[in-house]
Amino acid sequence: MAWLFTILILAWPAVEIAAFIEVARWIGLLGAVAGVILSGMIGTALLRIQGLSTARRAQAQLARGQMPVAELFDGACLAAAGLLLLLPGYATDLLAVPLLLPPVRLLLRRGLQSRFPPPDGPTVIEGDWEVVDEGRPPSGKPRLPH
């Protein structure tokens with residue numbers, strides 16, 4: 001599996017360069033450069049708006065005493081999209097844009113939930129415990145002077 005990650009890291013710049021060259025052929029060099037800059041600016045604005053919205057929803061759920069699982073997942077997707085948008089290039093933008101779309105995040109979340117169902121019933125952790133009084137150490141033996 002490590003070799004696959006290494007190949008991906010080494011091949012990704014070539015993919016980005018090839019994509020940039022192809023876009024530059026279609027719209028020209030200045031258009032291609034402007035497109036990379038513009039996509040980063042638009043992505044940053046969308047990320048800011050959706051990130052704040054996700055944070056507000058998570059805060060509201062916490063105030064109701066609920067765990068904001070969906071909002072945490074959305075936040076992770078938005079963080080990944082933000083990282084991809086910060087990297088210059090059209091291939092990373094193509095990976096980031098779907099993560100910015102709420103319906104795509106919903107499909108991803110449902111797919112992961114079907115693979116990892118929640119556990120049945122409450123989680124019980126068993127253990128031994130002992131009440132500790134400030135005047136005595138836990139074993140009940142008298143404390144040694146310092």
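Taking Glu16 as the residue in question, decide whether it is without any contact (Cβ under 8 Å) to a residue 60 or more places away in the chain and either at positive phi or surrounded by 14 or more Cβ atoms within 10 Å (Cβ to Cβ) (or both). Judged against the criteria, Glu16 is not a match. Might you let me know whether segment 115-131 holds any residue that is at pLDDT below 75 and either surrounded by 10 or more Cβ atoms within 10 Å (Cβ to Cβ) or among the acidic types (Asp, Glu) (or both)? For segment 115-131, residues at pLDDT below 75 and either surrounded by 10 or more Cβ atoms within 10 Å (Cβ to Cβ) or among the acidic types (Asp, Glu) (or both): present.
Counted as qualifying within segment 1-101 are the helices (runs of 4 or more DSSP H) with 1 or more residues that are over 23 Å from the mean Cα position of the chain (by Cα) and modelled with pLDDT of 90 or more, namely 2-27, 29-63.
Of all residues in segment 19-76, count the ones that are of a type in the set (Phe, Trp, Tyr) and either under 15 Å from Arg105 (Cβ atoms) or surrounded by fewer than 13 Cβ atoms within 10 Å (Cβ to Cβ) (or both).
Just the residues of segment 19-76 that are of a type in the set (Phe, Trp, Tyr), to begin with: 20, 26, 73.
Subsequent filtering for residues that are either under 15 Å from Arg105 (Cβ atoms) or surrounded by fewer than 13 Cβ atoms within 10 Å (Cβ to Cβ) (or both) retains 26, 73.
Number of matching residues: 2.
Pairs are defined by a Cβ separation below 8 Å, a sequence spacing of at least 6 or placement on different chains, a first member in segment 27-38 that is within 16 Å of Leu95 (Cα to Cα), and a second member that is part of a helix (DSSP H, G or I) and among the aliphatic types (A, V, I, L, M); the pairs so defined are Gly35/Val23; Gly35/Ile27. Among the residues of segment 113-132, are any farther than 23 Å from Ile21 by Cβ, under 16 Å from the mean Cα position of the chain (by Cα) and part of a helix (DSSP H, G or I)? Scanning segment 113-132 turns up at least one residue that is farther than 23 Å from Ile21 by Cβ, under 16 Å from the mean Cα position of the chain (by Cα) and part of a helix (DSSP H, G or I).
Condition first: closer than 21 Å to Met41 by Cβ, of a type outside the set (A, V, I, L, M) and surrounded by 15 or more Cβ atoms within 10 Å (Cβ to Cβ). Now tell me which residues in segment 78-114 satisfy that. Selection gives Gly82, Gly89, Tyr90, Thr92, Asp93.
The values are calculated or read from the model by the stated rules, or taken from the named source; none is laboratory data. Just so we're clear, the structure is a prediction, and the values are computed from it rather than from any experiment. Glycine also receives a Cβ, built like all others from the backbone with ideal geometry; neighbour counts cover every protein chain displayed.
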